[in-house]
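So the structure is just underneath, and the comments pick up after that.
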Amino acid sequence: MNKINVQLKTLPHHEGLPLPAYATEQAACMDIYAAVDAPIVMQPNDRKIIPTGLSVALPEGYELQVRSRSGNAIKLGLVIGNGIGTVDADYRGEIGVIVINASNEPITIERGFKIAQIAVQPVYTIQW
C-alpha cells in the first residue's frame, strides 16, 4: 500500500478517545469516534453533525473521505447524510460527520461511538 504523511490534530473534546487506526494491515479505512459531551438521541429522519474532535492537514492532491460504517447502516440505519463526505486538502477545521437516522427507531449516539470511517484518496483535477 502507498503511504502519505497526514498531520493530525486532536482538539480538547477528543481527549480519552482512540486515534483513528487501521484494524488490519490491508484495511482501506480507519474508524473515527463521536466526541460528544453527552448522549445525542436521534429520532427517525433526524440529521445531525457529530463532532470528532479531529482536524487534519492533508498534502495537496489528496482528500479525506468520510464514509458510513456498514455495521451502522445495516444494524442501526445510521448513514452519512451526503453519501461520502469530503475533507479537502485546504480545510483545517474540525471533522464533523453528517449523519441521518434512516431507521424507524431512535438512535442514541454516545461518546466514543464509532460514527464513521475515513479513507484518504488522491484527487485529480480536470482540465477542460
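The values are calculated or read from the model by the stated rules, or taken from the named source; none is laboratory data. Keep in mind that this is a model prediction, so the values were computed, not measured. Neighbour counts are summed over all protein chains in view; Cβ atoms, including those assigned to glycine, are modelled from backbone coordinates with ideal geometry. Please note that ligands, DNA and RNA were not included when accessible areas were found on the heavy atoms of the full protein model with its side chains. Shrake-Rupley method; radii C 1.70, N 1.55, O 1.52, S 1.80 Å.
A compact table of results
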item: Matching entry among G83, G112 (being farther than 20 Å from P39 by Cβ and either of a type in the set (D, E, K, R) or surrounded by fewer than 18 Cβ atoms within 10 Å (Cβ to Cβ) (or both)); result: G83
item: Subset of region 98-128 (residues that are touching a residue at least 40 places away in the same chain (Cβ under 8 Å), in a loop (DSSP other than H, G, I, E, B) and not aliphatic (A, V, I, L, M)); result: S103, N104, E105, P106, E110, R111, G112, F113
item: Hey, Y62 over 12 Å from the mean Cα position of the chain (by Cα), on the phi < 0 side of the Ramachandran plot and aromatic (F, W, Y) or not; result: yes
item: Test: residue in region 44-61 that is in contact with a Ser or Thr (Cβ under 7 Å, 6 or more places away or on another chain), among the aliphatic types (A, V, I, L, M) and open to solvent by less than 30 Å² (accessible area, probe 1.4 Å); result: yes
item: Candidate set: region 89-109, residues that are charged (D, E, K, R) and surrounded by 11 or more Cβ atoms within 10 Å (Cβ to Cβ); chosen: the one farthest from H14 (Cα to Cα); result: R92
item: Condition check for A35: at pLDDT below 95, open to solvent by less than 40 Å² (accessible area, probe 1.4 Å) and closer than 23 Å to V79 by Cα; result: no
